[in-house]
Amino acid sequence: MHYVSTRGRAPSLGFEDVMLAGLASDGGLYVPAEWPALEPDTLRGLAGAPYQEVAYRVMRPFVDGFADPRFRELIAEAYGGFAHVEVAPLVQIGPGHFLLELFHGPTLAFKDVALQLLGHMFDDVLRRRGERVTVVGATSGDTGAAAIEACRDREAIRIFILHPEGRISEAQRRQMTTVDAANVHNIAIRGTFDDCQALLKGMFNDAGFRREMRLSAVNSINWARVMAQIVYYVYAALQLGGPDRPVRFVVPTGNFGDIYAGYAAARMGLPVERLVVATNRNDLLHRFFGTGEYRSDAVVATQSPSMDIQVASNFERLLFDLCERDGAEVEALMRRFEAEGRFVIGDNRLARARELFLSASVDEAATTETIRRISRETGRLIDPHTAVGVAAAEATGPSPVPTVTLATAHPAKFAEAVMRATGEAPPLPPRIADLYEREEHCAVLPNDLAAVEEHIRQLAA
Ligand SMILES: *Cc1c(COP(=O)(O)O)cnc(C)c1O
């Protein structure tokens, strides 16, 4: 499989190089040169198969460089650590309405599903090539732990995660700092999240440091992450009568990575009736699907912080297809967006997007009310991101086919919002029940690029 850039000017690359590169050299994102087909008979043959087998079948055409038994092993290792044997179980919450629980990984959110596999694949390629990388990242609380859990104990990777000292919750901090692995390094910066991001940018812009440390990132635009997310759409559809009955998916959306994986599944031939983009008050994408205008606004803080975005980085991948894969046109639109904060696509393109996508924006009151109502009706606690999905499913329904709303975080991960809505505190799952007793490992550094670089240099030596 070869991959091309959405901006059309970077060299076409194979899977491993795409995974190691992340972003393309022309600033675009890599996508497969063509979509491999999931034939109906192949899908029927997978009915009842374990998640790992579905994962292998769905991802195999995208991945070259990995020997067959090794690829199966990596999948087994990545998902062996999940707290549920099914990895991504379906549960019913109403007539024809199901939740796909994607939060059984080590950090209780759906990002583990892709990152656990990415960590193993990254490490495997690097070891074969005799290379080592330094993964650096900055977090405002939510995503750092998933990256740390993905990279911990991987021989060819060391990871440094920056967070703003005292500005993330204790639970978020502890999920990162209590990881006891020699290759994991937490750095609390005396500053804000913006300072952390500026330091990160400074490190990548320091060409000497970048080369010396072999800096790398595992961010959400990495194709391998998108690929790993295609699997659970297929897995869920198979349980609800696919490929002989289509399914509607509702996806709590921020950077558009998760729902783009659903789009990829549809392009590969999985019968998907509709994909519903569920946003919180940060409704950039809902407005786009309504009007064809893509325009960023100021970010507002909500109870579903992982969806508080003003730019949906993976959206460029869909745009590429809407522009008939004309990289020059995508580049022109993205340039306009960078310069003016907006662009508009034509009516026929918008109409094509709307054949598959529906959208809804859910405000804070409706999110809280949905958590409360689902608790009352089903006895189940759902997190605010999932609640945005459930409310969007209802706002865009009724659906003529089964609806699957993706449950992207465990309620205990957003306990305060759940508590506020229901009066009930979701218990910590057994695997992290002792989170508050574990020892923390973290350095505290000033908001100073030279100091941070020196610290990393010393620990990486
Ligand atoms: C990251 C995240 C999302 C949004 O996913 P995207 O791929 O960025 O659209 C939704 N819910 C939770 C809990 C997340 O962590």
Looking at D41, is it under 21 Å from I148 (Cα atoms) and either in a helix (DSSP H, G or I) or modelled with pLDDT of 95 or more (or both)?
no
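Kindly evaluate D142 against the criterion of being more than 16 Å from the ligand (Cβ to nearest atom), among the charged types (D, E, K, R) and surrounded by fewer than 22 Cβ atoms within 10 Å (Cβ to Cβ). Steps first, answer last, please.
Details: more than 16 Å from the ligand (Cβ to nearest atom): no; among the charged types (D, E, K, R): yes; surrounded by fewer than 22 Cβ atoms within 10 Å (Cβ to Cβ): yes.
For D142, the condition - more than 16 Å from the ligand (Cβ to nearest atom), among the charged types (D, E, K, R) and surrounded by fewer than 22 Cβ atoms within 10 Å (Cβ to Cβ) - is not met.
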Return the only residue of R336, R373, R325 being basic (K, R), closer than 24 Å to M419 by Cβ and modelled with pLDDT of 95 or more.
R373
How many residues are assigned to a loop (DSSP other than H, G, I, E, B) and away from the ligand (no atom under 16 Å from the Cβ) when one looks only at segment 237-275?
11
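Output yes when any residue across segment 382-399 is surrounded by 14 or more Cβ atoms within 10 Å (Cβ to Cβ), part of a loop (DSSP other than H, G, I, E, B) and at pLDDT below 95, and no when none is. If you could, list the steps in order and put the result at the bottom.
At the first step, the residues of segment 382-399 found to be surrounded by 14 or more Cβ atoms within 10 Å (Cβ to Cβ) are 382-397, 399.
From what's left, part of a loop (DSSP other than H, G, I, E, B): 382-383, 397, 399.
Those still in the list that are at pLDDT below 95 too: 397.
Yes.
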Output the number of the condition that A301 fails; it satisfies all remaining conditions of (1) without any contact (Cβ under 8 Å) to a residue 24 or more places away in the chain; (2) within 14 Å of the ligand (Cβ to nearest atom).
(2)
For segment 74-130, which positions are surrounded by 15 or more Cβ atoms within 10 Å (Cβ to Cβ), at negative phi and part of a loop (DSSP other than H, G, I, E, B)?
F82, A83, A88, P89, L102, F103, H104, G105, P106, T107, F110
All but one of (1) within 16 Å of the ligand (Cβ to nearest atom); (2) free of Cβ contacts under 8 Å to residues at least 12 places away in the same chain hold for G397, so report the exception by its number.
(1)
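Does G254 satisfy the condition of being over 20 Å from F62 (Cα atoms) and without any contact (Cβ under 8 Å) to a residue 60 or more places away in the chain? Let's see the steps before the verdict.
Values: over 20 Å from F62 (Cα atoms): yes; without any contact (Cβ under 8 Å) to a residue 60 or more places away in the chain: yes.
Yes; evaluated as a whole, the condition is true for this residue.
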I need the helices (runs of 4 or more DSSP H) fully contained in segment 163-231, keeping only those with at least 3 residues that are in contact with a strand residue (DSSP E or B) (Cβ under 9 Å, 6 or more places away or on another chain) and crowded, with 18+ Cβ neighbours inside 10 Å.
170-177, 193-205
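Can you tell me which residues in segment 327-343 are surrounded by 15 or more Cβ atoms within 10 Å (Cβ to Cβ) and not in a helix (DSSP H, G or I)? Spell out the reasoning first.
Here is the first cut: in segment 327-343, the ones surrounded by 15 or more Cβ atoms within 10 Å (Cβ to Cβ) are 327, 329-331, 333-334, 337, 343.
Passing the criteria: only F343.
Can you name the residue in segment 422-443 that is small (G, A, S) and modelled with pLDDT of 90 or more and is also farthest from the chain's Cα centre (by Cα) among such residues?
Of all residues in segment 422-443, those small (G, A, S) come to 423, 425, 433, 443.
Still in the list and also modelled with pLDDT of 90 or more: 423, 425, 443.
Working: G423: 30, A425: 26, A443: 27 Å.
Going through the qualifying residues, I end up with G423.
The values are calculated or read from the model by the stated rules, or taken from the named source; none is laboratory data. Since the structure is predicted, the reported quantities are computational estimates derived from the model, not experimental observations. Here the Cβ is made from the backbone with ideal geometry for all residues, glycine too, and neighbour counts use every protein chain on show.
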